[in-house]
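Here's the structure we're looking at; comments come further down.
The values are calculated or read from the model by the stated rules, or taken from the named source; none is laboratory data. None of the values given here were measured: they were computed from a predicted structure. Reconstructed Cβ throughout: ideal geometry from the backbone, glycine too, with neighbour counts over all protein chains shown. The area values use the complete protein model at the heavy-atom level, side chains included, leaving out ligands, DNA and RNA. Shrake-Rupley method; radii C 1.70, N 1.55, O 1.52, S 1.80 Å.
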Amino acid sequence: MIIILLGPPGAGKGTIAVEIKKKIDIPVISTGDILRNAIQDGTKLGQEAQDFVNSGKLVPDFLIMKIIENRIIQQDCNHGFIFDGFPRTIHQAQEFDSISHQLKKKIDQVFYFEASHEVIIERLSSRRVCSQCGMIYNLNYNPPRIQGKCDQCGGALIQRDDDQVDTIEKRLKVYQNDTLPLVHYYQGKKLLTTINADQDVQDRFKEVWEKLTELNLVGEN
Ligand code: AP5
């Protein structure tokens, strides 16, 4: 099964990916997480990507495609995967179409999370993430039990460099120009389901799960 989570920064793609993963044992591939880990580890990829990520620009397609090609051939992807934050340009989508065709795999569904500008700014400026395990929190909606500490692993919670308001605004512009056209692209392929991302996490997840059930991709539970 191949699922794509598409939507603006802060729409809650990562949060929903965690919910889906609780029910389906396939990996979540977040290009954002892969890039941030590479930056933190100081790898060649990290060095090449750092300035783009921290300033809210897109990392060049050829680097992203290298990440994807290497990741999806790993064994844990044999039964499928969930993309969180990929593809982000028409070129990336077309490249993935040709890779999946070669691998005789197909995209099952694209969930497009539509969220208002105000909600995005509010959610991202109050987001905190665990520096150890990547767990996502929100100071307003989903705060940790102990201030500044991850409930799961006790790691320190940090604010992402690109979650400063001026960088969020830049990311939103990039999203409008480069990523939003994918909505039309996947609509044309009859793969798109739109979810109102302004509603709470459980209601959004319910809609996603109902669609996956309707498509016979998962059982009722
Ligand atoms: P990436 O990490 O993918 O960031 P993004 O797409 O901007 O998305 P976010 O992670 O900011 O938001 P999200 O939708 O996952 O929201 P979340 O669930 O955390 O990419 C970062 C950068 O890497 C890019 O800018 C680019 O430079 C580079 N990059 C990555 N992929 C690339 C690609 N394919 N090509 C080129 N460059 C690439 O939720 C946000 C907050 O809201 C959290 O605090 C959460 O707790 C809260 N929340 C979520 N849902 C709800 C809800 N329903 N109600 C209340 N609060 C909620």
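Can you name every residue in the stretch 88-108 that is outside any loop (DSSP other than H, G, I, E, B) and of a type outside the set (Gly, Ala, Ser)?
Pass one, the stretch 88-108, residues outside any loop (DSSP other than H, G, I, E, B): 90-102.
Result: Ile90, His91, Gln92, Gln94, Glu95, Phe96, Asp97, Ile99, His101, Gln102.
For Gln152, indicate whether it is surrounded by 12 or more Cβ atoms within 10 Å (Cβ to Cβ), polar (S, T, N, Q) and within 22 Å of Ser116 (Cα to Cα). Answer is no for this residue.
Close contacts from the stretch 134-163, counting a first residue that is farther than 19 Å from Asp33 by Cα and a second that is among the aromatic types (Phe, Trp, Tyr) and modelled with pLDDT of 95 or more, with Cβ to Cβ under 8 Å and a gap of 6+ residues or different chains, come to Pro143/Tyr137; Pro144/Tyr137. In the stretch 86-99, the residue that is nearest to the ligand (Cβ to nearest atom) out of those that are open to solvent by 10 Å² or more (accessible area, probe 1.4 Å) and not β-branched (Val, Ile, Thr) is Arg88. Evaluated against (1) assigned to a strand (DSSP E or B); (2) loosely packed, with under 15 Cβ neighbours inside 10 Å, Gln132 falls short on exactly one condition, (1).
Among residues of the stretch 35-60 that are within 18 Å of Gln132 (Cβ to Cβ), those with a Cβ under 6 angstrom from a residue that is near the ligand (Cβ under 9 Å from one of its atoms) and of a type outside the set (Phe, Trp, Tyr), sequence gap 6+ or separate chain, pair up as Leu35/Ala49; Leu35/Val53.
Would you check if there is a residue in the stretch 183-193 being modelled with pLDDT under 95 and of a type outside the set (A, V, I, L, M, F, W, C)? No, the stretch 183-193 contains no residue that is modelled with pLDDT under 95 and of a type outside the set (A, V, I, L, M, F, W, C). Under the condition of being at pLDDT below 95, under 19 Å from Asn177 (Cα atoms) and open to solvent by 40 Å² or more (accessible area, probe 1.4 Å), the residues counted in the stretch 44-79 number 1.
Would you point out the residue of the stretch 24-43, among those that are surrounded by 14 or more Cβ atoms within 10 Å (Cβ to Cβ), part of a helix (DSSP H, G or I) and of a type outside the set (S, T, N, Q), that is nearest to the ligand (Cβ to nearest atom)?
Looking at the filtered set, the residue picked out is Gly32.
Applying the set (1) modelled with pLDDT under 95; (2) within 24 Å of Ile168 (Cα to Cα); (3) away from the ligand (no atom under 12 Å from the Cβ) to Val18 leaves exactly one unmet item: (3).
Would you confirm whether or not the stretch 173-182 contains a residue that is more than 16 Å from Val53 (Cβ to Cβ), part of a helix (DSSP H, G or I) and within 11 Å of the ligand (Cβ to nearest atom)? Scanning the stretch 173-182, I find at least one residue that is more than 16 Å from Val53 (Cβ to Cβ), part of a helix (DSSP H, G or I) and within 11 Å of the ligand (Cβ to nearest atom), so the answer is yes. Here is the figure for the stretch 203-221: residues that are free of Cβ contacts under 8 Å to residues at least 24 places away in the same chain and in a helix (DSSP H, G or I) total 6.
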